[in-house]
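The values are calculated or read from the model by the stated rules, or taken from the named source; none is laboratory data. The model shown is predicted, which means the values in this text are computed figures rather than measured ones. Cβ coordinates were reconstructed from backbone atoms using ideal geometry, including for glycine residues, and neighbour counts include every protein chain displayed. Note: areas computed on protein heavy atoms with side chains; ligands, DNA, RNA excluded. Shrake-Rupley method; radii C 1.70, N 1.55, O 1.52, S 1.80 Å.
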Amino acid sequence: MAAALKLRPKPNLLITSLVFLVLCGCAYARLISDPADLISDGVSASPFLRLYAADEACEQTYGFMPCTNSGIGSLFLILVYGYLMFLAATYLSAGSELLLELLGPGIVGGLFLPILGALPDALLILVSGLSGTPEIAQSQVSVGMGLLAGSTVMLLTLAWGTCIIVGKCDLENSIAIDSTDTKGFSLTGSGVSTDIWTSYAGIIMAISVIPFIVVQLPQVLNINSGRHLVVLIALVVSVGLLLSYCLYQVFQPWIQKRRLSYVKHKHVMAGILKHFDSSPLGKLRRADGKPNQDVLQKIFTKIDDDNDGILSRAELKALIIGIHFNEITFDENEVVDKVFKEFDTSLDSKIDFTEFLDGVGRWLQEARNSIDDFHAETKREHALLGNQHDESGEAVENARWISIKAALLLLLGTVIAASFADPLVDAVNSFSAATSIPTFFISFIALPLATNSSEAVSAIIFASRKKLRSASLTFSELYGAVTMNNVLCLSVFLALVYVRGLEWNFSSEVLVILLVCIVMGVFASIRTTFPLWTSLVAFLLYPISLALVYVLDYVFGWS
């Protein structure tokens with residue numbers, strides 16, 4: 001993650017200031033002062049003219065922010081405010097990763113970073129339904145739903161598919177070979193591989209859609225009473241999932257360490273069995289599948305250097321060192337202790353032949369029929385867990401300065417996001433009124449580019465390194481961002497709907513979120529390797545999502 005930090009676009013305060021000055025200078029700007037002067041015979045103004053026309057009066061956010069009622073002016077404000085929200089997201093991302101570099105995962109990586117990453121979206125959703133009367137809030141809240149759905153769909157379709165293309169490597173035996181890309185755009189011969197933790201992140205993302213299903217139940221069952229209560233239940237479920245997800249992220253480093261330790265031990269066990277079975281002394285199993293006691297006696301005697309009939313820790317360590325486990329790195333003393341403890345059932349700090357025979361017998365039972373297959377399986381399991389020792393444990397220089405810089409970036413990003421979220425929502429509503437384009441589609445397409453583009457660009461650049469480790473971090477980041485959308489941002493949205501007594505009428509939008517999250521979640525759960533053809537599926541889901549909302553809302557009248 002520290003490496004990813006260096007690849008993110010760097011925020012520029014000078015550019016921010018200049019853009020804001022230009023913005024202030026354009027307040028009330030318009031090209032046509034009165035469209036009625038250009039129209040005769042009582043014909044009303046066309047949508048084209050409304051792009052340029054503006055009424056004298058428009059409501060300024062905070063009483064001083066620039067405003068306009070014309071389509072072109074509103075589009076300009078959307079671009080400017082959207083850029084400022086992009087800067088806010090960039091500041092928050094840069095500051096949070098500095099904090100992660102300084103303090104490491106756990107509380108920081110599990111609690112603060114996911115929340116900070118979703119903060120711009122959450123603030124936009126909050127202000128979309130917080131101001132004005134409930135009637136106004138009901139009309140504006142579609143901006144928040146459009147952002148929520150658009151962010152999820154963009155990250156899992158356009159960003160996900162692009163990461164597959166830029167990160168593709170040659171596939172051999174369903175595994176991507178790091179830094180090897182000779183097959184071009186082969187739909188089945190090239191692709192991306194991730195570790196097993198990325199699959200878990202995808203499964204968690206799919207589970208995070210449960211609150212959407214809960215809040216949608218009255219519409220599905222055609223129940224009119226108790227809908228407000230169902231919103232409250234969905235809010236409780238969403239907050240519960242948010243807390244559970246954060247706790248999982250906090251304890252994930254510990255879980256990963258334990259799992260990796262177990263798989264390393266399993267790989268050592270398979271390596272020792274393979275070493276014994278390939279020795280000239282004979283095969284470990286008899287024809288009936290039981291341990292070959294004569295061969296094991298010869299192996300035991302060969303390991304027992306001092307011929308005292310007992311294996312010591314030193315003799316066991318010499319065996320393990322001599323096998324040369326090139327595929328993995330481990331602490332030799334730790335491995336010896338685990339193997340010794342597993343064999344020494346009498347707890348007398350000695351391994352006699354009976355204990356050795358029983359221990360190898362248990363290993364052979366776990367290996368089942370083929371020792372070679374068992375060794376290949378443990379090697380694959382270790383590869384899927386990812387290389388956990390790289391990019392970690394590095395000393396951080398100037399820790400005090402880094403902590404101050406991180407705090408300033410986080411503060412600045414939060415202030416910008418909080419200040420310009422409300423003006424951006426107002427600009428979207430003004431553009432919608434001027435062009436008759438529903439606010440949902442404007443916020444679905446445009447706003448995610450402002451609040452999530454920094455995250456998407458970082459993921460794409462990181463995926464271009466063409467390694468399993470970088471690909472795993474890339475897709476884990478995408479799945480994590482969507483999960484926070486589905487729990488944190490949805491919790492804010494549901495709280496608004498419940499507190500303000502708004503109506504939940506977002507059936508088509510919820511269906512789109514469910515469709516994309518479940519399809520991509522199934523992809524992540526059933527495979528760790530993604531051939532190039534999977535990117536086409538992801539790209540197709542984006543226009544399908546837009547078309548589905550339009551057809552369901554404006555043809556079948558779902559909302």
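What to note about this one:
- With each label modelled as a point 7 angstrom along the Cα→C-beta vector, the Ala318-Ser278 pair spans 2.2 nm.
- A straight line joining the Cα centroids of region 458-532 and region 201-216 runs 9 Å.
- The fraction of accessible area contributed by carbon and sulfur in region 133-286 is 67 percent, rounded to a whole number (1.4 Å probe; ligands and nucleic acids excluded).
- Cα gyration tensor shape of region 504-559, rounded if a/c is under 1.5, else prolate or oblate by comparing a/b with b/c: oblate
- Calculated from backbone phi, Karplus (6.51, -1.76, 1.60) coupling profile of region 299-316 in Hz, x at Gly/Pro: 5, 4, 5, 5, 6, 6, 4, 8, 6, 9, x, 9, 8, 9, 4, 4, 5, 5
- Amide H contacts under 5 Å for Ala176, placed H, 5+ residues apart: Ser193
- Greater than 30 Å apart at Cα, pairs in Lys168/Lys317; Lys264/Lys467; Lys341/Lys466: Lys168/Lys317; Lys341/Lys466
- For Trp533 and Phe556, a Förster radius of 25 Å and the Cβ-Cβ distance give a FRET efficiency of 0.20, rounded to the nearest 0.05.
- When peptides 529-537, 417-425 are sorted by average Cβ neighbour count within 10 Å, with the highest value leading, the order is 417-425, 529-537.
- Interchain or long-range residues, amide H under 5 Å from Ile351's placed H: Leu311
- Amide H contacts under 5 Å for Arg285, placed H, 5+ residues apart: Asn292
- Calculated SAXS-style log₁₀ I(q)/I(0) at q = 0.15, 0.19 Å⁻¹ - region 110-201, Debye, Cα scatterers: -0.75, -0.93
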